[in-house]
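Okay, so here's the structure we're looking at.
Readers should treat all values here as calculations from the given coordinates under stated rules, not as data from a laboratory. Here the structure is a predicted model, which is why all the values come from computation and not from measurement. Don't worry about glycine lacking a Cβ; one is built from the backbone with ideal geometry, like all the others, and counts go over all protein chains shown.
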Amino acid sequence: MKFLPNVFSINSKIVAGQLNIADCKVSSLAKEFGTPLFIIDENDFNYRLNAWKSALERHFGAQAGSVYYASKSFISVEVAKWISSSGIGIDVCTAGELAVALAANFDPSKIELHGNNKSEIEIRAAIKAGVSKIVIDSHQEIERVNRLANEAGIIQNVLIRLTPGVEAHTHEFISTAHEDVKFGFSISSGDAAKAAQGVEQAANLRLNGVHCHIGSQIFESEGFEMAATRLIEFLSEFRDRNGRELAELDLGGGYGVAYVEGEITYDPDVAMSAIASLVKVQTTKHKLAMPVVSIEPGRAISAPTTTTLYEVGTTKNVTLDDGGIRRYIAVDGGMSDNIRPALYGAQYSAILANRTSTQSAISSRLVGKHCESGDIIIREIDLPSDIAPGDLIATPATGAYGRSMASNYNHMPRPAVIAVKDGTARLIVRRETQEDLLGLDVSEQPRTIN
Ligand SMILES: *Cc1c(COP(=O)(O)O)cnc(C)c1O
């Protein structure tokens, strides 16, 4: 167990043996807000928003489109306000995510709608709000969005989502751009060209460009470069067929972050520099004008800003077949607030957060309180041998796909989210209560349904 400065949020440090985040002692935060608790380092979040925005602008200049923060990684009304203030856009996939953005008074011209199966209600809501772009994901959707835009009496700007057939190397195999996936139109099969023609012929759609998202937790530029190369080839073929150029290239998200020792969060400047050079070379090669380039980082912004704080409830030692000892340390959350280890085999790190131990570290397994053997947060980690009930454990880099994927398994209320900044803390998503959950249970009289 070690405090890893590159995995914890920027304003995290150890002071007098205790983890402090933005100058708040975690023991005081636990007392005030309870555990499990998601703690967002607000200045870090704003720092990362700006880092991606300025990297895009620095490397693409006048052709820099927008950074669209992928709201599915984590969104709340307060966080949507930070994003809005930073001047970047937001990507939403459902009416629910759209509603959060609108509740934060997000400028609709900076909202982009995604999703492989958007309902008519969702498309209508997006058109009504006036979102800048809808990313078309299927043939049926061309007709659907066109019809709803027609009903609303508008011409809707759209992109089409393409699958460039690239298997990005990721730690988690969350790869979405090879051929055999539910998302998008395949370039190699000719489906993408067909979709582009379909949109061209739809009276109430304007095809602005193409989109791809190749996967998540990617650390090398190679996958992005291959995808961009194929998309630019597609733009060139489109120009040859239609006699006009599409202006926009949206390269999605997926930039990797550090979760454990040895990993290094993808630097926005390094990522944008590599992609910009490639896009310039490829567009020149095809004699295309430089497109407006947008990106959609989610995890790269939200993950590193947030730490989950748990309280230890029980411990036990198990003797392994090889005679070794494994220590189970059970905390007051688990797979209901962090499903990623169970879902993808994702790795996390953790520290004893409320004090320093002088005891030696022993092989431990950090587990939750759910009725599943697979309710494991960290399979194998060295933690001090004297960790006991009442101690606090902090797992860093839980800001993406943690609270946003949280469930009520075992009827657990979902944890609160607080923002900390310069020695102050405030609730931005309150903890669910038993009343919230029981409020869903009803006992209707049977009604005849024919
Ligand atoms: C999930 C997703 C993103 C964000 O992915 P990260 O790995 O969080 O950066 C961006 N765009 C689309 C279309 C997505 O589905």
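Using only Cα atoms, tell me the angle between helix 42-60 and the longest principal axis of the chain; keep it within 0 to 90° and round to the nearest 10.
Helix 42-60 sits roughly 30 degrees off the main axis of the chain.
Would you mind checking which residues have amide H under 5 Å from Tyr401's amide H? H placed 1.01 Å from N; only 5 or more apart, or other chain.
Phe74
Let me know the shape class of the range 244-303, please: from the alpha-carbon gyration tensor, a ≥ b ≥ c as square roots of the eigenvalues, rounded when a/c is under 1.5, otherwise prolate if a/b is greater than b/c, or oblate.
Prolate is the answer for the range 244-303, as a/c is 1.5 or above and a/b outweighs b/c.
What do you get for trypsin sites (Lys or Arg not before Pro) in the range 354-450 restricted to DSSP loop and a cutoff of at most 11 other Cβ within 10 Å of the site's Cβ?
Listed in order of number, the matching sites are Arg447.
Taking other Cβ within 10 Å of each residue's Cβ, how do Leu205, Leu440, Leu56 sort, fewest first?
Exposure proxy ranking, most exposed first: Leu440, Leu205, Leu56.
Round to the nearest 0.05 the FRET efficiency obtained for Lys280 and Thr448 when R0 = 60 Å and r is the Cβ-Cβ distance.
Step by step, r from the Cβ atoms, then E = 0.35.
In nm, what is the difference between 0.36 nm times the number of residues separating Lys13 and Glu220 and their Cα-Cα distance?
That pair, Lys13 and Glu220, stretches by 71.6 nm at full extension.
Semi-axes, largest first, in whole Å: what does sqrt of 5 times each Cα gyration tensor eigenvalue give for the range 348-450?
For the range 348-450, the semi-axes come out at 36, 20, 12 Å.
At Ala152 and Thr424, where each label point lies 7 Å from the Cα along Cα→Cβ, what is the point-to-point distance in nanometres?
Distance between the two pseudo-spin positions: 3.7 nm.
Between Ser27 and Glu237, how many nm apart are label points set 7 Å from Cα along the C-beta direction?
6.4 nm
Please give the charge dipole size of the chain, origin at the Cα centre, charges +1 on K and R Cβ atoms and -1 on D and E Cβ atoms. Round to the nearest 20 debye.
640 debye
With 10 angstrom as the radius, rank Cys212, Cys371, Cys93 by how many other C-beta atoms surround their C-beta, starting from the fewest.
Final ranking by Cβ density, sparse to dense: Cys371, Cys93, Cys212.
HN-Hα J couplings of the range 93-110 from phi, Karplus 6.51/-1.76/1.60, θ = phi - 60°, integer Hz, Gly and Pro as x?
10, 9, 4, x, 5, 4, 4, 5, 4, 5, 5, 8, 6, 5, 5, x, 6, 10
Using the structure shown, list the pairs from Lys72/Lys133; Lys133/Lys182; Lys53/Lys182; Lys182/Lys287 with a Cα-Cα distance above 26 Å, or answer none.
From Lys72/Lys133; Lys133/Lys182; Lys53/Lys182; Lys182/Lys287, over 26 Å: Lys53/Lys182; Lys182/Lys287.
For Arg144 and Ser385 in one chain, what is 0.36 nm times their gap in residues minus the Cα-Cα distance, to one decimal in nm?
80.8 nm
Considering Cα pairs under 8 angstrom that are at least six residues apart, work out the relative contact order of the range 114-297 and quote it in whole percent.
Reported relative contact order: 19 percent.
If I build a Gaussian network model for the chain, linking alpha-carbon pairs within less than 10 angstrom, which residue out of Ser71, Ser360, Ser336 has the largest mean-square fluctuation?
Of Ser71, Ser360, Ser336, the Gaussian network model singles out Ser360 as fluctuating most.
How much length, in nm to one decimal, is gained on full extension between Ile264 and Glu245, taken as 0.36 nm per residue of separation minus their Cα-Cα distance?
Gain on extension, Ile264 to Glu245, equals 3.1 nm.
Taking only Cα atoms and a 10 Å spring cutoff, compute GNM fluctuations for the chain and point out the largest among Ala353, Ala228, Ala30.
Ala30
Take the range 114-297, compute every pairwise Cα distance, and split them into 10 Å bins from 0; I just need the percent in each bin.
Going out from 0 Å in 10 Å bins, the range 114-297 shows 10, 37, 34, 17, 3, 0 percent.
Scaled to the compact-protein estimate 2.2 N^0.38 Å, what is the alpha-carbon radius of gyration of the range 64-185, rounded to two decimal places?
1.09
Given axes a ≥ b ≥ c from the Cα gyration tensor, I'd like to know whether the range 230-368 is rounded (a/c under 1.5), prolate (a/b larger than b/c) or oblate.
prolate
As a test, work out the antiparallel percent of DSSP beta bridges whose residues both lie in the range 114-297, rounded to the nearest 5.
Here the antiparallel bridges make up roughly 10 percent for the range 114-297.
Using θ = phi - 60° and the Karplus curve 6.51 cos²θ - 1.76 cosθ + 1.60, what whole-Hz ³J(HN,Hα) does each residue of the range 273-290 get, with Gly and Pro shown as x?
3J(HN,Hα) across the range 273-290, in whole Hz: 4, 5, 5, 4, 4, 4, 4, 4, 4, 5, 5, 4, 4, 8, 6, 9, 5, 4.
State, as an integer percentage, the relative contact order of the chain based on alpha-carbon contacts under 8 Å between residues 6 or more apart.
Averaging sequence separation for qualifying contacts and normalising by length gives 20 percent for the chain.
Once the convex hull of the C-alpha atoms of the chain is built, how many Å³ does it hold per residue, rounded to a whole number?
177 Å³
Could you check the spin-label model distance between Asp441 and Ala361? Points 7 Å from the Cα along Cα→Cβ, value in nm.
4.4 nm
For the chain, set up a Gaussian network in which alpha carbons nearer than 10 Å are linked by springs, and say which option among Thr424, Thr283, Thr398 fluctuates the most.
Thr424
Among Ala274, Leu251, Asn150, pick out the residue whose Cα is farthest towards the positive end of the charge dipole of the chain, where Lys and Arg carry +1 and Asp and Glu carry -1 on C-beta, about the Cα centre.
So the residue furthest toward the plus end is Asn150.
For Ser273 and Thr319, what does the FRET efficiency come to when R0 = 51 Å and r is the distance between their Cβ atoms, rounded to the nearest 0.05?
0.45
Rounded to the nearest 500 deg cm²/dmol, what is the calculated helix-only ellipticity per residue at 222 nm for the chain, with -39500 (n - 2.57) per DSSP H run of length n ≥ 4?
-9000 deg cm²/dmol
Just to confirm the filter: which GluC sites (Glu not before Pro) across the range 415-450 are DSSP coil and have at most 10 other Cβ within 10 angstrom of their Cβ?
Glu444
What list do you get for Ser357, Ser109, Ser86, Ser216 if you sort them by fewest beta carbons within 10 Å?
Ascending Cβ contact count within 10 Å gives the list Ser109, Ser357, Ser86, Ser216.
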